[in-house]
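For reference, the structure is listed below as structure tokens.
The values are calculated or read from the model by the stated rules, or taken from the named source; none is laboratory data. Note that the coordinates shown come from a computational prediction; the quantities given were computed from them, not determined experimentally. With ideal geometry, Cβ positions are generated from the backbone for all residues, glycine too; neighbour counts draw on all protein chains shown.
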Amino acid sequence: MGDIYLIRHGQASFGADDYDVLSPVGRRQSEALGAHLAQLGLRLDRCLAGGLRRQQDTARLALDAMAMAGCAVPDLETDPAFDEFDAEGVIRGLLPALLPDEPNALNVLRDACQRPGEFQRLFAQLVQHWHEGRYHPIEGLESWSSFTDRVNAGLDRVLAGASTGDSIAIFTSGGSIAALLHRITGITPAQAFTLNWQIINTSLSLLKFRGRDVTLASFNSQAHVRLLKAPELLTYR
């Protein structure tokens with residue numbers, strides 16, 4: 001059987017003008033991941049990342065750390081199929097319908113860094129409405145079904161090009177991992193997103209594959225940051 005490691009990107013810049021940039025913590029997480037994989041003696045046959053900057057930079061930093069430890073590493077491939085869904089688009093498009101029930105939502109969103117719990121509660125509601133299709137079609141906003149089709153097509157391409165026993169890393173995002181959990185385990189989208197909210201930055205989820213058959217072997221492994229005994233590296237956004 002072969003292995004596919006689904007790796008969530010490092011901490012991005014929540015609350016900044018450009019979210020799609022690794023924070024200093026995100027860079028440390030990525031380097032710690034690469035050093036941990038090197039200590040495990042992991043041999044990667046392929047490494048892919050979505051096209052987002054935070055995904056690409058996480059992959060490069062991890063691969064660089066592996067190379068510094070003497071591991072042979074493959075070239076980084078890019079497949080935008082593993083990009084995250086448009087969270088900002090979901091917020092912009094679905095928020096107006098939420099305001100009658102959540103009149104303070106705009107204030108929470110403007111002050112998200114200071115009110116992360118309230119932000120997460122509202123964001124989870126919006127994402128639920130999105131994956132349940134409880135909104136009028138919005139021009140340019142990718143639907144849940146289109147998103148899952150995109151991510152699944154990316155996984156299908158990886159499987160089609162894989163050989164028996166290959167070890168493959170995919171650097172992606174929490175929503176993409178949730179979509180793949182939905183496909184592989186048969187859980188509902190709501191259940192998949194309940195798990196998504198638990199995925200820490202740079203955690204590993206392991207898929208085992210034989211041909212086109214894929215199973216989930218482990219989820220949200222955090223050993224590389226837990227072993228460092230650095231609680232500041234355990235982040236969720």
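Evaluate region 61-69: report whether one residue or more is modelled with pLDDT of 90 or more and touching a strand residue (DSSP E or B) at 6+ places or on another chain (Cβ under 6 Å). Spell out the reasoning first.
Start the filter on region 61-69 by keeping residues that are modelled with pLDDT of 90 or more, which leaves 61-69.
Now drop any that are not touching a strand residue (DSSP E or B) at 6+ places or on another chain (Cβ under 6 Å), which leaves none.
No - not one qualifying residue is present in region 61-69.
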Notebook entry, point to check: Which one of the conditions (1) assigned to a loop (DSSP other than H, G, I, E, B); (2) exposed (fewer than 15 other Cβ atoms within 10 Å of the Cβ) does ARG121 fail to meet, given that it meets all the rest?
Noted result: (1)
Notebook entry, point to check: Inside region 206-227, can you point out the residues that are touching a residue at least 40 places away in the same chain (Cβ under 8 Å) and either of a type in the set (Phe, Trp, Tyr) or touching a helix residue (DSSP H, G or I) at 6+ places or on another chain (Cβ under 6 Å) (or both)?
Noted result: PHE209, ARG212, VAL214, HIS224, VAL225
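How many of the residues in region 37-77 are assigned to a loop (DSSP other than H, G, I, E, B) and farther than 27 Å from SER13 by Cα?
Our first condition is that a residue be assigned to a loop (DSSP other than H, G, I, E, B); within region 37-77, this holds for 41-45, 50-52, 69-75.
Retained after the next criterion (residues that are farther than 27 Å from SER13 by Cα): 41-45, 69-74.
Residues meeting the conditions: 11.
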Checklist line | When residues of region 124-154 are limited to those that are crowded, with 18+ Cβ neighbours inside 10 Å and of a type in the set (Val, Ile, Thr), the one nearest to the chain's Cα centre (by Cα) | finding: VAL151
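Can you tell me which residue within region 105-118, out of those that are of a type outside the set (Lys, Arg) and part of a helix (DSSP H, G or I), is modelled with the highest pLDDT? I'd like the intermediate steps shown before the answer.
From region 105-118, those of a type outside the set (Lys, Arg) are 105-109, 111-114, 116-118; that's our starting set.
Narrowing the set further to residues that are part of a helix (DSSP H, G or I) leaves 105-109, 116-118.
Details: ALA105: 87, LEU106: 86, ASN107: 87, VAL108: 85, LEU109: 82, PRO116: 83, GLY117: 86, GLU118: 90.
Result: GLU118.
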Margin query: Any residue that is within 19 Å of the chain's Cα centre (by Cα) and part of a loop (DSSP other than H, G, I, E, B) - is there at least one of those in region 159-173?
Written below: yes
Margin query: Which numbered condition in (1) touching a strand residue (DSSP E or B) at 6+ places or on another chain (Cβ under 8 Å); (2) within 30 Å of ALA72 (Cα to Cα); (3) at pLDDT 95 or above is the only one that ASP156 fails?
Written below: (1)
Note to self: When the residues of region 192-220 are narrowed to those that are surrounded by fewer than 17 Cβ atoms within 10 Å (Cβ to Cβ) and of a type in the set (Ser, Thr, Tyr), which ends up nearest to ALA35 (Cα to Cα)?
What the structure shows: SER218
Margin query: Exactly one condition in (1) surrounded by 14 or more Cβ atoms within 10 Å (Cβ to Cβ); (2) not assigned by TED's automatic domain parsing to the domain that holds ALA59 is false for PRO189; which is it?
Written below: (2)
